[in-house]
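The values are calculated or read from the model by the stated rules, or taken from the named source; none is laboratory data. Computed from a predicted model, the values in this text were never measured in an experiment. FYI the Cβ positions are ideal-geometry reconstructions off the backbone, even for glycines, and counts take in every protein chain you see. Areas reflect the complete protein model, heavy atoms only, side chains present, ligands, DNA and RNA absent. Shrake-Rupley method; radii C 1.70, N 1.55, O 1.52, S 1.80 Å.
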Amino acid sequence: MKSIKGKKGTFFFKYFTIFSSIVLISFIVIGTSFMTLFTTTIVNQVTADTKTTASNLAQMTTELFKSDITRDNPQAAVITMCKNIEFISRSKGYDAFICNKNGEVMVCSETLDEFFENNQTICEEHGDIIIPSLQVQKVMGGEFNELSKLNGVYDSYYSICMSPLYLEDTFIGFCVVSAPIIDSLLPNLGKVFLMFVLSAAAALLLVTVAVSFMTERIAKPIRNLETATKCYSSGDFSYRVPELNTNDELAVLVTKFNTMATSLSQIENSRRSFVANVSHEFKTPMTTIGGFINGILDGTIPPEKQEYYLKIVSGEINRLSKMVTTMLNISKIETGNVDMNIEKFDITPKLVTTFLGFEQLISKKNIEIVGFEDLQSATIHGDSAMIDQVVYNLADNAVKFTNEGGTITVSTATDKKYTYFAITNTGKGIPPKEIDKVFDRFYKVDQSRSTDVKSTGLGLYLIKSIIDLHNGSITVESKVDSFTRFTVKLPK
């Protein structure tokens, strides 16, 4: 975990920053919305309760004014009103009082004590309160409520409800009930805020664990890929990244990377084999040429034999030249630097003409050519010179490896999209374990080495490269001590 934690720019830091920011922003947005909704709900509840309380107090006060108690015993009426207000104040924690029509406080929760102690009708706390005329005008029109500090009477905002008092349709005053909003909100808001803080902390903890697990799952294969690239850069292609038991993009990447590593390993082995084979193929004729030339120069080879050995040297030089030309052609094809002259032509005349060129060797080995009389016109879309090379190399191999008195069969066929031609020769054939290697560079079937000492092992590789360049294919079938057949498929 050391490589993915504690550093800016690492997977852990990046993903943790992103996810934690999302979590925090989400909690802030949700919390703010919830707190706003919660505050609105509490305020509405307090407002509704103060409104109900003020209405009830006004109703009780009005009924008291209408009763005989107020007319016969005014002090008893005041005491009853004080007890009603005191009950509201003590049970709900509200501030309540009754004002006359001028907005002056006449009765409050403290009136009863003040009356008996100081013979006053109003306490010092509410004695200086005078409700503004604007609010008196509003309450005369009906019940009125607001959120305010009541012109500085309160230190914070209160939910204030005023309910009018009417006696025989005459406005005589109003009841005021005030509830502190902060006292109702703070305890609940504190609990809600604590709940959100704890939830956010738990969510961040889960994000940390989840991001740590996720980034480790991503970083571990990447570290393995890093190890692999270091090995490959040093030439060691044996290391493979452990496969992942998932179906996501990272698992696909690892699989593709290992496939690429296998291909690179095969290419490297092929390169090494190519260098070794080239060295071997060049060394043999050069040794032969050097030996014969030195023999002529130092007199070891007598003058009457020099022409004979110079012909051998010439043959070896031609062989080297042919090998170099073939290798250059292969290089051009592999690097895409070959210029193709695409045209439509009939492959049948090329087959016949090419085998006629081997007439002397065919007669010498008493080989029978079968199928010319049945050949049909077969159109091919490709580079004529390159296809000439394909036909020549296949014919050369067929003649070279056909047994004395054997048979070579040539055939053609077509369908809607492709043209096929096949060359079959009798002879030793190719062993099953060797058949998949015949198109490799410098590959020679062991049984053929003694009869094909001049072969470079590049002919079939060149053929396959040319056919691949034409978006075609070539297949080989063989049976030991029976036959070998090469079938070419090329687009029309």
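Observations on the model:
- Between THR419 and LEU490, LYS492, the built amide H atoms are under 5 Å apart, and every one of these is 5 or more places off in sequence or on another chain.
- DSSP beta bridges fully contained in the chain are about 95 percent antiparallel.
- Cross-link reach is defined here as a Cα-Cα straight distance under 18 Å, omitting same-chain residues fewer than 8 places apart; for LYS350 the aspartates and glutamates meeting it are GLU359, GLU373, ASP374, ASP383, ASP388, ASP396.
- The smallest convex shape that holds all Cα atoms of the stretch 150-219, its convex hull, gives 140 Å³ per residue.
- Entry comment: accessible area of the chain is 58 Å² per residue, from protein heavy atoms only and a probe of 1.4 Å.
- Dipole magnitude for the chain: computed about the Cα centre from +1 point charges on Lys and Arg Cβ and -1 point charges on Asp and Glu Cβ, it is near 3340 debye.
- Cα-based helix-to-principal-axis angle, 181-233 vs the chain, degrees rounded to 10: 10 degrees
- Distance-filtered residues of the stretch 152-186 - backbone nitrogen under 16 Å, label point 7 angstrom along ASP128 Cα→Cβ: 152-156
- Entries of LYS51/LYS191; LYS83/LYS138; LYS220/LYS437 with Cα pairs more than 32 Å apart: LYS220/LYS437
- For the chain, the relative contact order is 10 percent, taking Cα pairs closer than 8 Å that sit 6 or more residues apart in sequence and dividing their mean separation by the residue count.
- Cα long-axis angle, helix 74-92 against the chain (0 to 90 degrees, to the nearest 10): 20 degrees
- Over 24 Å between alpha carbons, listed pairs LYS283/LYS322; LYS322/LYS417; LYS417/LYS464: LYS322/LYS417
- Above-threshold pairs, the threshold being 19 Å between Cα atoms, out of LYS305/LYS364; LYS416/LYS489; LYS332/LYS492: LYS305/LYS364; LYS332/LYS492
- Here the stretch 192-312 yields Rg over Rh of 1.57, to two decimals, using C-alpha coordinates and the Kirkwood radius.
- The Cα atoms of the stretch 348-431 cover 38, 29, 22 Å along the three principal axes, with the biggest extent listed first.
- Counted charge near SER384, where neighbours are those whose Cβ lies closer than 9 Å (Asp, Glu -1; Lys, Arg +1): -2
- When peptides 169-175, 73-79, 31-37 are ranked by their average number of other Cβ atoms within 10 Å per residue, the highest-first order is 169-175, 73-79, 31-37.
- Farthest toward positive dipole pole in the chain [+1 Lys/Arg, -1 Asp/Glu at C-beta], among THR475, THR402, ILE347: THR402
- Taken along its principal axes, the alpha carbon cloud of the stretch 31-96 reaches lengths of 59, 19, 11 Å, longest axis first.
- Crossing angle, helix 303-335 versus the chain [Cα axis fit, 0-90 degrees, rounded to tens]: 20 degrees
- Alpha-carbon centroid distance for the pair the stretch 300-360 / the stretch 410-439, whole angstrom: 22 Å
- From the coordinates of this entry, Cα Rg over 2.2 N^0.38 Å is computed, and it appears in (1) 0.96; (2) 1.00; (3) 2.32 under the label (3).
- Heavy-atom accessible surface of the chain: percent carbon and sulfur, 1.4 Å: 57 percent
- Net length gained if the chain between GLU216 and MET340 were fully extended (0.36 nm per residue, minus Cα distance): 39.5 nm
- Neighbours of ILE42, meaning other residues whose beta-carbon lies under 13 angstrom from its beta-carbon, give a summed charge of -1 when Lys and Arg score +1 and Asp and Glu score -1.
- The chain - mean residue ellipticity at 222 nm from DSSP helices (-39,500 (n - 2.57) per run, n ≥ 4, rounded to 500): -20000 deg cm²/dmol
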